[in-house]
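Notes for the one structure printed next.
The values are calculated or read from the model by the stated rules, or taken from the named source; none is laboratory data. Bear in mind that the values here come from a model prediction, so they are computed numbers and not experimental data. Positions of Cβ are backbone-derived with ideal geometry, glycine not excepted, and every protein chain shown enters the neighbour counts. Side chains are part of the model used for accessible areas, which takes the heavy atoms of the whole protein and leaves out ligands, DNA and RNA. Shrake-Rupley method; radii C 1.70, N 1.55, O 1.52, S 1.80 Å.
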Amino acid sequence: QVRLVESGGGLVQAGGSLRLSCVASGSTFSINGMGWYRQAPGKQRELVAVVTSGGSRNYADSVKGRFTISRDNALNTVYLQMNSLKPEDTAVYYCTAVRYGIALWGQGTQVTVSS
């Protein structure tokens, strides 16, 4: 079993920054991709950013240039640095990890950006 625990969410004004962290514990061997999705009220969950174990990164167009994903394989941790936050970034942010082709999910952390 793998457990993903997110932290770092909160309330911030537009233009501010937050850093999310997600630590994977348990059977973390063979985890390949890790990343972040988000879900706003009334909307579907959407990709924010992902990073492979080799360091390849992919971002949603809406966050390119503002968000940066990074990963510490030794600590089984993935980070999301979010700068220049906008009210439309308000959502529950979920950490995800792919192991043996199966996506695993954290419990989510709320990010609220006030205008």
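Can you tell me the length gained on complete extension of the stretch D72 to T28, counting 0.36 nm per residue apart and subtracting the Cα distance?
Working it through step by step, the gained length comes to 14.6 nm.
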Query - For the chain, the longest site-free run once trypsin sites (Lys or Arg not before Pro) in DSSP loop states with at most 14 other Cβ atoms within 10 Å are removed - result: 65-115
Query raised in the report: Using modelled backbone amide H atoms (1.01 Å from N, in-plane), which distant-in-sequence or interchain residues come within less than 5 Å of G10's amide H?
Result: V111, T112
Requested in this report: Give the dimensionless ratio obtained when the Cα radius of gyration of the chain is divided by 2.2 N^0.38 Å.
Outcome: 1.00
**Report entry** J(HN,Hα) series, segment 33-50, from Karplus relation 6.51 cos²θ - 1.76 cosθ + 1.60, nearest Hz, glycine and proline x
**Finding:** x, 9, x, 9, 10, 9, 9, 8, x, x, 10, 6, 5, 10, 5, 9, 6, 9
Report summary line: For the chain, percent of DSSP beta bridges that are antiparallel (nearest 5) comes out at 90 percent
Query raised in the report: Accessible area per residue, 1.4 Å probe, Å², for the chain: what's the number?
Result: 52 Å²
Query raised in the report: If you keep only loop residues by DSSP, which chymotrypsin sites (Phe, Trp or Tyr not before Pro) in segment 60-115 have at most 12 other Cβ atoms within 10 Å of their Cβ?
Result: Y100
